[in-house]
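The values are calculated or read from the model by the stated rules, or taken from the named source; none is laboratory data. None of these values were measured; they are calculated from a predicted model. A quick note on method: Cβ atoms are made from the backbone with ideal geometry, for glycine too, and the neighbour counts reach across all protein chains shown.
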Amino acid sequence: MRLSKIIIIIVACINLSIAGTIFLSKSFDSSSRYTVKDPWENYSFKANYDCYGECEPYFGKTYSIGYNHIVWKEKKKKYNVGLGLEYLKNDNFNLKALYIMLNYEPLKKMKASLFFGVDFFNAKDDPSLNNEHDYYPNTKGGGIYGLSFSYNLNKKLPISFDYKVYTFSIVNQDIWRDVEFSRVSLNLGYNL
């Protein structure tokens with residue numbers, strides 16, 4: 001049994017090292033939004049990057065690096081399925097995401113993708129959260145979904161525009177609050 005696990009790991013590593021796309025991403029902060037849902041007050045607060053309060057330190061100026069890999073593709077079909085990993089960061093938080101991509105390629109140079117997956121959110125300790133007690137962990141991950149449009153500049157360099165929504169929970173004033181962070185970004189990739 002142990003030998004079969006080693007073989008599966010080796011095959012998976014070889015498969016991931018042969019082909020895929022590495023990408024770097026920068027968010028458009030003026031288009032980024034977040035929503036905080038208060039469980040006790042039954043209301044939601046929506047804001048953009050220019051808002052006052054937590055918005056700017058937590059959700060502005062985000063960068064990410066990621067990897068997408070096609071795991072199923074059939075000849076003469078215009079669609080395929082892939083897996084992706086992403087590491088998103090700014091000065092005050094980081095987020096790791098794992099997702100499935102459903103890709104549609106109407107032309108060889110163009111692709112549209114839908115994303116569905118999970119994220120793991122981690123915020124630095126911040127006194128502005130006003131917690132009286134220490135919480136370990138003080139954040140919880142959630143789901144990710146989104147849409148992407150890609151264009152291949154050449155065989156090795158794709159460029160894409162993404163709209164992704166990350167959901168997670170964070171403790172603020174000793175109450176768990178659900179947060180939804182939507183991000184519009186420009187990605188520059190390199191096909192391996």
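One residue stands out among those in region 72-93 that are assigned to a loop (DSSP other than H, G, I, E, B) and of a type in the set (Asp, Glu): the one that is surrounded by the most Cβ atoms within 10 Å (Cβ to Cβ), which is 91.
Determine whether residue 181 is surrounded by fewer than 18 Cβ atoms within 10 Å (Cβ to Cβ), in a strand (DSSP E or B) and either more than 17 Å from the chain's Cα centre (by Cα) or at negative phi (or both).
Details: surrounded by fewer than 18 Cβ atoms within 10 Å (Cβ to Cβ): no; in a strand (DSSP E or B): yes; either more than 17 Å from the chain's Cα centre (by Cα) or at negative phi (or both): yes.
Here the answer is no, as residue 181 does not meet what is asked.
Taken over region 143-177, the criterion of being assigned to a strand (DSSP E or B) and at pLDDT below 90 is satisfied by 168, 169, 170, 171, 172, 175, 176, 177.
Return the residues of region 29-50 that are in a loop (DSSP other than H, G, I, E, B), surrounded by fewer than 15 Cβ atoms within 10 Å (Cβ to Cβ) and either at pLDDT 85 or above or not charged (D, E, K, R) (or both); say none if nothing qualifies. Steps first, please.
To start, the set of residues in region 29-50 that are in a loop (DSSP other than H, G, I, E, B) comprises 32, 39-42, 49-50.
Narrowing the set further to residues that are surrounded by fewer than 15 Cβ atoms within 10 Å (Cβ to Cβ) leaves 39-42, 50.
39, 40, 42, listed by residue number.
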